[in-house]
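Notes follow the structure.
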Amino acid sequence: MEKKLERLKRSIWIFHLNTGSCNACDIEILDALTPFHDAERFGVKLVASPRHADAILLTGPITLESLPKVINAIEAAPRPRILIALGSCACGGGIWHDTYSTVGGVNSLLKILKERGIEVDAVYCVPGCPIRPEALLYAIALIKGLVQKKVKPEVATAE
Amino acid sequence: MEDNTVYINAPREHLVDLASKLFNDFTCSFRTCIGIDERPLNGHFSVTHVFTDDRNSLYVLLKTYAEAEAPRIPSITNVVPAADWCEMEAHDLLGIEFVGRDHYRLVLPPEWPEGVYPLRKDVPYDYRPRVRGVSERLSMSTELGVIPIGPYHPALHEPEYFELYVEGERVVDLKYRGFHVHRGIEKLAESRMNYQQINFLAERICGICGFEHSTCYALAVEKAAKLEVPERAQYIRSIVLEVERIHSHLLWLGVAFHFVGYDAGFMHTWRIREKIMYLAELLTGSRKTYGINLVGGVRKDINEEKKQKTLEVLREVSSEFKQLVEVAINVPQVRRRLVGTGTLPKEYAVKLSVEGPVARASGIDKDARRDLPYAAYKYASFKVPVYGEGDNMARALVRVEEILESISIIEQLLDKIPKGPIMLEDFEIPEGRIGVQVVEAPRGGDVHFVMTGRGRPYRWRVRAPTYSNIPALKIMLKDQPLADAPLTIASIDPCFSCTDRVIVVRSDGRIERLG
Amino acid sequence: MKRVFKPVELIVIAGKTGRVTIKYPFEGPLISQEFRGLIVISPEKCIGCGACVNACPPNALEMLESPDKKILRYYIGRCIFCWRCIDVCPVGAIKGTTEFELATNDFLDLYTYITHSRAHCTCGTGGEPVRMRRYVIEKAPIVENYASKCPDCRKKSLINAVSLRKVGFVGEEARTS
Amino acid sequence: MLCTAITLLAGTSLPVFLDGLERKLKAALQSRIGPPITQTLYDLLKLMIKESKQVHTVPYIILYFTSFISCALTSMFLITLYTITWDFMLFALALSLLMVSLTALTLIPLLIPNPFSYIGGMREVVLSLVNESAFVASVAIYIVSLHFKAGFSTPSTPHLLVVTIPALAIMFTSGYALTGRPPFDIAEAEPELASGVLVEFSGALLALYLYSNLLKRFLVKLFVATMLVTLIAGNGVLSVVLTCLITITLWILFTVISVTLGRSRVDLAPRTLAKYYIGLFIIPIAGLVVLAYG
């Protein structure tokens, strides 16, 4: 599977799932394809069917309503498949993290996927509210190994 | 009767007559209705119908009380068809029964337990309905007659579900099942947040018209608390609102071109739009104009340098945009697929009291910016484009003209923006006041109703324009070629994340292969 | 006839604009200085008062309590970058940046912790962070002998002080404090 | 033998890179950089290693694919041979093979149990019925117009005006339509179809389908180019090279056209095309009749 992931670096076809986001991230995804940013440089292509997808973009805190569809979509994507959580909603539930109709971010989704025995080969997380198009490009560059990741856990002690 | 709002306490037996008089005789436009659980206050439920008299710029609130146990209120759907959805919403969420109409589940899942009404105050904030992990699937036989669009579908960027019943290539009927994007906003606001935090929540109702929502909320609260917001803040609000309108309409045009397969048009429209996005970031610090609105003012000021930059960008955009539109509109396929498709006749438009460009394209001359002036619009002069055809082309042209109008509005406002503070210093918000505000979002009138409480609103009701535009789709799509369906659905510029604040509806019968 | 050849003008437009693409990440992004990006909390300045925690709409900033520690946790993966915390921070410990390159393949990268040790009350129960106490004292020196106590002890000593003045009786607690 | 190898090699590899070129060109016209010219190759290679979700009709689909590719390659080989020897029989064979292969490709989506794929497939059939017939007819008329006097000869002016030019015009349009570019990419690109005919394919199957489409595009253009070269009917090798060059130019030309247009609607496209064809066919046929018996 590792070797196969290597092959994905050349061309990444993305399938976009709005799991209850406010649209901002979804629009920025489209924006990343337009002339100023042009994600196609990296061989990125937005596909209409999960059957063609290499990477699945999740935007939104994953509402209870969309949960089954999301699971289906991920299951429908052929392996190797990458999961990219876009925006603060998808990463940590964002402002909705504790409302009654969301599962609160991709972490809980991953748990459910594990229960169902659906494997995902890599998971990336792109914070931002909304994400800039560049943030998506940066994530793709990260997948392609063009850049190093910047964030790291920090534990500081004040007295 | 307060400044521009008329409060009428309508007894139950006269409600229908009053509503029909307002709607049919005085031709007020119906905005929404709000069910409130006032038992902690006065031991009653209440339903408030919001009308606006656009010619005299008046808000008319019809308030009717119902007993705490078995609340019943006469339905006005027979005289005001547009009230259908919001009555059902009140029925689902507060258990208010509307006499004289058939009840059906609109927003609650079919398997939601009977007698549990989430927006009642005695229902705990963290009440969770049972999660069903699997969704139903269509059998092969029905698939061929029914074309499911959504929930995850290239024709929609949001999870919504349309069932198009087709004969060959013609659509004969449409079924809409929505409310996937429900995130429990109203309950969240009424139980966790405080007045200032809700601004940031309101923005995130929708990523395109977010600033409209937060402005609408802030204005409603300010109206309820009778706050005098500094002029400069109001100007800045209007300016950002118009910036948002421009980028939203450009976005729509781009997507429309994409749907008719004119990808070059899509790319170039969005190339122009990118400049506006940069502008939005310059003015608000976020590409989606998030995070500068607060109750009592705004957080970011516009200095001279920014002002110059803005004017310069706007000049470029307007010239480039005119040139591009002239080219794009003349592409034969674009013409053939926009002209005469998805027509919405005026009488239906009036009956459903649709909003925004959809209404203006069907010959209804209404625009909250002019009719119910708010923020700083009374200082700007602009014309409201109105077309009679009611087809997709008309809707597109309305938006094109509005972009140019918005540009001129911004230039006017920047020209005469007054000096002064941008934020009200210290103020408190009294309890039990009511504020209702309509803001003209890119998609139409945005209605926020706030009833103030201690530290947070007692009741906060949001009605997004798409909410009243979706029922019109049935008429637009009937007997249209299937190939035009996505374009027509898109032509109301649906914003489902706005519409679905309420409660999850389970939508069945989607094709599992689509994911 | 003119209309028929109008679409071809697209090529003219394209030619006029040329290539607008920015070669990010090899070039700088299309960003203005106004952009609200990642916030940076300086452990040197933070006094652990929790004002930011109260203001934060999505609870990205949280205060984790333990008997002798108060830990301020910042979870980037939930932050909406509204910068309200910067507005409310009394000591200006939070700085805003234009940083947006936060993509990662490990969720643990998104947490930032700032640990504050509590200043214990004489009665032994945990109190507010050491720094916060110092801050309060230098802002309002009068309360010095009260600031070092937990709320209950504060109440008690107050009562005692009052009763002392009233009936001249000095209670146990008053002497011990 | 060498000739065979070269043709097949060029014929199988060229389409991939030409598609890369097309994408680059599109990007340039949309004022962006676009993918590297080898992108299509990368995509296909990646798809080969992807897991492919099976549909139960896969065996038949494979069968159709093999039949298509074999027919296509053979026809390609024959047509090249024809440009060297100018033997009319070869040409006739190549043409018939082309038609067979196109039909095979058109029918594949109908094998897939999915409404989107089905609708897309039906649309494809509707379109290709109109276009294939027009293509064959125009080619036939064109050849006849050249064969009018015994042996190949550049036709006299009346021929050129009345018969050859209209026939060429039809050939171009139908050829363009057969390559499934906007405004005729109805089968897969319409948004409500969720990438219609492709919806169910994944992994290697998808790669196969995409590649077959590229091959088809190349083949059709090759035919049009050959027809043009036939006008000169020069010596073998030269004309082969010439054909290749013309094919590439055609590819670029078609790309530019496709960028400036939108997508037609499924019920409009065949109607418009049919009108156009009938209108144009009357001229050469009438012309032939007149020139024959007048």
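The values are calculated or read from the model by the stated rules, or taken from the named source; none is laboratory data. What you are looking at is a predicted structure, and each value in this text was computed from that prediction instead of being measured. Neighbour counts run over all protein chains shown; Cβ positions are idealised from the backbone, glycine included.
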How many residues are surrounded by 13 or more Cβ atoms within 10 Å (Cβ to Cβ) and polar (S, T, N, Q) if we restrict to the stretch B:3-29?
4
Name the single residue, out of those in the stretch A:98-115 being in a loop (DSSP other than H, G, I, E, B) and of a type in the set (Gly, Ala, Ser), that is nearest to the other protein chains (Cβ to nearest Cβ).
A:101
Over the stretch C:55-80, the set of residues under 9 Å from the mean Cα position of the chain (by Cα) and either part of a helix (DSSP H, G or I) or of a type in the set (Ser, Thr, Tyr) (or both) is C:55, C:74
Of all residues in the stretch A:136-150 being within 7 Å of another protein chain (Cβ to nearest Cβ) and touching a residue at least 24 places away in the same chain (Cβ under 8 Å), which is surrounded by the fewest Cβ atoms within 10 Å (Cβ to Cβ)?
A:141
Among residues of the stretch B:1-34, those that are without any contact (Cβ under 8 Å) to a residue 40 or more places away in the chain and among the aliphatic types (A, V, I, L, M), counted
1
Looking at residue B:308, is it out of contact with any helix residue (DSSP H, G or I) (no Cβ under 7 Å at 6 or more places or on another chain) and farther than 17 Å from residue B:245 by Cβ?
yes
Residues satisfying the stated conditions in the stretch B:235-277, i.e. within 13 Å of another protein chain (Cβ to nearest Cβ) and small (Gly, Ala, Ser):
B:248, B:254, B:256, B:261, B:264, B:265
If residue B:78 satisfies all but one of (1) closer than 20 Å to residue B:123 by Cα; (2) touching a Gly at 6+ places or on another chain (Cβ under 8 Å), what's the number of the condition it fails?
(1)
Only listed residue being at positive phi, surrounded by 23 or more Cβ atoms within 10 Å (Cβ to Cβ) and in the same structural domain as residue B:308 (by TED's automatic domain parsing), chosen from B:420, B:390, B:455
B:390
Can you name every residue in the stretch B:417-434 that is basic (Lys, Arg) and under 19 Å from residue B:456 (Cα atoms)?
B:433
Quick one: in the stretch B:385-410, of everything that is at pLDDT below 90 and assigned to a loop (DSSP other than H, G, I, E, B), which residue is farthest from residue B:365 (Cα to Cα)?
B:391
Tell me, which residue of the stretch C:136-161 that is among the basic types (Lys, Arg) and buried (at least 16 other Cβ atoms within 10 Å of the Cβ) is modelled with the highest pLDDT?
C:156
Cross-chain or 6+ apart pairs with Cβ under 9 Å, the stretch D:110-135 first and at the interface with chain B (Cβ under 10 Å from one of its Cβ atoms) and within 30 Å of residue D:285 (Cα to Cα), then of a type in the set (A, V, I, L, M, F, W, C) and in a loop (DSSP other than H, G, I, E, B):
D:123/D:266; D:126/D:266
Which numbered condition in (1) at positive phi; (2) more than 8 Å from every other protein chain (Cβ to nearest Cβ); (3) buried (at least 17 other Cβ atoms within 10 Å of the Cβ) is the only one that residue C:48 fails?
(2)
Which residue is modelled with the highest pLDDT, if the candidates are limited to the stretch A:57-72 and must be at the interface with another protein chain (Cβ under 7 Å from one of its Cβ atoms) and outside any helix (DSSP H, G or I)?
A:61
Going by what's in this entry, would residue C:60 be described as surrounded by 15 or more Cβ atoms within 10 Å (Cβ to Cβ), more than 30 Å from residue B:190 (Cβ to Cβ) and at the interface with chain A (Cβ under 10 Å from one of its Cβ atoms)?
no
Going through the stretch B:441-470 in order, the residues found to be of a type in the set (A, V, I, L, M) and assigned to a loop (DSSP other than H, G, I, E, B) are B:464
Give the stretch D:2-34 a look and list any residue that's within 14 Å of chain B (Cβ to nearest Cβ) and touching a residue at least 12 places away in the same chain (Cβ under 8 Å), or say none.
D:22, D:23, D:25, D:26, D:29, D:30
Inside the stretch B:209-287, counting only helices (runs of 4 or more DSSP H) that do not spill past its ends, which hold 3 or more residues that are at pLDDT 90 or above and under 23 Å from residue B:447 (Cβ atoms)?
B:210-225, B:231-259
Let me confirm something: among C:115, C:104, which residue is surrounded by 18 or more Cβ atoms within 10 Å (Cβ to Cβ), within 11 Å of chain A (Cβ to nearest Cβ) and within 16 Å of the chain's Cα centre (by Cα)?
C:115
Considering only the stretch B:323-350, how many residues are crowded, with 17+ Cβ neighbours inside 10 Å, more than 7 Å from every other protein chain (Cβ to nearest Cβ) and in a helix (DSSP H, G or I)?
8
Collect the residues in the stretch B:192-215 that are aromatic (Phe, Trp, Tyr) and more than 7 Å from every other protein chain (Cβ to nearest Cβ), keeping them in residue-number order.
B:195, B:211
Can you tell me which residue is nearest to the chain's Cα centre (by Cα) among those in the stretch A:1-56 that are without any contact (Cβ under 8 Å) to a residue 24 or more places away in the chain and more than 7 Å from every other protein chain (Cβ to nearest Cβ)?
A:30
For the structure I just gave you, tell me whether residue B:381 is polar (S, T, N, Q), over 16 Å from residue B:441 (Cβ atoms) and assigned by TED's automatic domain parsing to the domain that holds residue B:228.
yes
Boolean, residue B:51 is touching a His at 6+ places or on another chain (Cβ under 8 Å), part of a strand (DSSP E or B) and free of Cβ contacts under 8 Å to residues at least 40 places away in the same chain:
no
Kindly evaluate residue A:94 against the criterion of being small (Gly, Ala, Ser), within 16 Å of the chain's Cα centre (by Cα) and at pLDDT below 85.
yes
So, residue C:95, is that one under 13 Å from the mean Cα position of the chain (by Cα) and exposed (fewer than 15 other Cβ atoms within 10 Å of the Cβ) or not?
yes
Assess whether residue B:208 counts as being buried (at least 24 other Cβ atoms within 10 Å of the Cβ) and either farther than 26 Å from residue A:20 by Cβ or over 16 Å from the mean Cα position of the chain (by Cα) (or both).
no
Look at residue D:87 and say whether it is over 30 Å from residue A:53 (Cβ atoms) and not β-branched (Val, Ile, Thr).
yes
